[in-house]
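The values are calculated or read from the model by the stated rules, or taken from the named source; none is laboratory data. Not measured: the values here are computed from a predicted model. Counting neighbours? That spans all protein chains shown, and the Cβs are built from the backbone with ideal geometry, glycine included.
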2 protein chains.
Amino acid sequence: MSRAVWSVLAEQGLERLTVRAVAAAAGCTTGLVMHRFPNRQALLLHARRLLHETTRARVESLESSAADPCAALRAILRQGMALDEQTRQEAIVWMGFLAAAVTDTELIEEHRRNNRAWRARVERLVSAAAPEWTPQRVATAALALIAMTEGVAAYAAADPAAFPAAEQEAMLDAALAAHGLAGRS
Amino acid sequence: MSRAVWSVLAEQGLERLTVRAVAAAAGCTTGLVMHRFPNRQALLLHARRLLHETTRARVESLESSAADPCAALRAILRQGMALDEQTRQEAIVWMGFLAAAVTDTELIEEHRRNNRAWRARVERLVSAAAPEWTPQRVATAALALIAMTEGVAAYAAADPAAFPAAEQEAMLDAALAAHGLAGRS
DNA sequence: CTCCCTTCGTAACAAGCGTTACGGTAACAT
DNA sequence: ATGTTACCGTAACGCTTGTTACGAAGGGAG
């Protein structure tokens, strides 16, 4: 059911994300959808939280299985880019929610909460990889990294041919090396 | 008239961008809007091109009045972030068009054309600032920079309190210095 | 003055939207 | 067997949307 919202948002875009389209994607009618959720806002909010939970689980798995903080940092930043079809669709859905949050107070609060948690996670990893840095330097480098991966995901989602996966990874490695966060262990 | 589309898109978001809302913002009725544009798609496309032209003119002005390629690079990257209310609204509108382009072939072609031109411009400035670099290194650094400014604009547009202008500028300067593109002249 | 053409407001249309009311069905408790 | 409850399809309501048809106002050309 929640996956139905996700598929509609990825394939049909934000404007086509209607209750009937979700019901059609889930193989049921609008009655079931409106029975599970009080209104469309709640449906959107649930799908948004589902997206966050999916990426969070993947990030935690990557971080726990990494050898050192530098490798963990690279791994979790890598999954935020649009490297394959799945992550590209996630980027499209992410942008759709972001555009929808402009007029939806609940969605934008959820968005800010998730973004601040994501930023804090990257700051924690940067600080672990470079313990001697000041908090300001950690924050600045972390912001540069999360903004870069976020931006390249948007670029690649809209134009995959112009931003292939190899260029995105080369960009990530170059930025990590430039900031002094590559292979410190 | 074109400014009416822009103001509606910035204040009401993409979902509320209806023909009637544009007419109300322009102080006329739907008859005038539908007389100027054959349909809503053409209206969106015109607004998209207007946004591009606005930013392009500002970028050219900044680049021509810069002292050296390094200063030009920093100036044009700076204007792509969400530093004040105007650029923040531009970022919101930009994301709205990006989300709308998912199902609109004309919009996505326009988007790709503009993005590739923007990328080529930054690559040209990076190459002028660091003439000894290989084209690959130029392309990688340019991609890192445009992705970073694009991403931080999205972050700051959705959460201005968490991403103040000073932090964005500190991030830009740190990234330029890390990539070796600060004060080379 | 008359004709014509551009310009733009008015009104309406069909279609699609979120939402609600209602009825049927199946499972479960008694 | 019967009542109760949760579940979900059906159909409709009111509303907004993009789009179209029509008419009035106004300004040149003859």
Handout entry: Among residues of the range A:76-102, those that are closer than 15 Å to residue B:157 by Cβ and away from every other protein chain (no Cβ under 11 Å), counted
Key = 0
Completion exercise
Note: among A:137, A:124, A:119, just one is closer than 24 Å to residue B:94 by Cα and basic (Lys, Arg), namely A:119
Completion exercise
If you go through B:93, B:126, the only one that is part of a helix (DSSP H, G or I) and closer than 25 Å to residue B:178 by Cβ is B:126
Problem - Subset of the range B:146-179 [of a type in the set (D, E, K, R) and over 16 Å from residue A:136 (Cβ atoms)] - result: B:150, B:159
Handout entry: Answer residue from the range A:1-39, given it is within 14 Å of residue A:100 (Cα to Cα) and within 12 Å of DNA strand D (Cβ to nearest atom) and is modelled with the highest pLDDT among those
Key = A:18
Problem - Filter result for residue B:105 (more than 10 Å from chain A (Cβ to nearest Cβ), of a type outside the set (Lys, Arg) and either in contact (Cβ under 8 Å) with a residue 60 or more places away in the chain or in contact with a helix residue (DSSP H, G or I) (Cβ under 9 Å, 6 or more places away or on another chain) (or both)) - result: no
Problem - Criterion (aliphatic (A, V, I, L, M), touching a Phe, Trp or Tyr at 6+ places or on another chain (Cβ under 8 Å) and either within 11 Å of chain B (Cβ to nearest Cβ) or under 23 Å from residue B:145 (Cα atoms) (or both)) met by exactly one of A:120, A:141 - result: A:141
Practice task
List the number of the failed condition for residue A:28; all other conditions in (1) away from DNA strand C (no atom under 11 Å from the Cβ); (2) assigned to a helix (DSSP H, G or I) hold.
Solution key: (2)
Practice task
Go over the candidates A:80, A:13 one by one and state the one that is outside any helix (DSSP H, G or I) and under 15 Å from the mean Cα position of the chain (by Cα).
Solution key: A:80
Problem - Residues (away from DNA strand C (no atom under 15 Å from the Cβ) and either buried (at least 18 other Cβ atoms within 10 Å of the Cβ) or of a type in the set (Lys, Arg) (or both)) located in the range B:33-44 - result: B:44
Practice task
Of the numbered conditions (1) at the interface with another protein chain (Cβ under 7 Å from one of its Cβ atoms); (2) touching a Gly at 6+ places or on another chain (Cβ under 9 Å); (3) buried (at least 18 other Cβ atoms within 10 Å of the Cβ); (4) closer than 25 Å to residue B:106 by Cβ, residue A:147 fails exactly one; give the number of that condition.
Solution key: (4)
Exercise for the section: From the list B:175, B:158, pick out the single residue that is within 10 Å of chain A (Cβ to nearest Cβ), in contact with a His (Cβ under 6 Å, 6 or more places away or on another chain) and surrounded by 22 or more Cβ atoms within 10 Å (Cβ to Cβ). Expected result: B:158
Completion exercise
Note: among B:58, B:74, B:20, B:48, just one is among the charged types (D, E, K, R), farther than 27 Å from residue A:91 by Cβ and buried (at least 20 other Cβ atoms within 10 Å of the Cβ), namely B:74
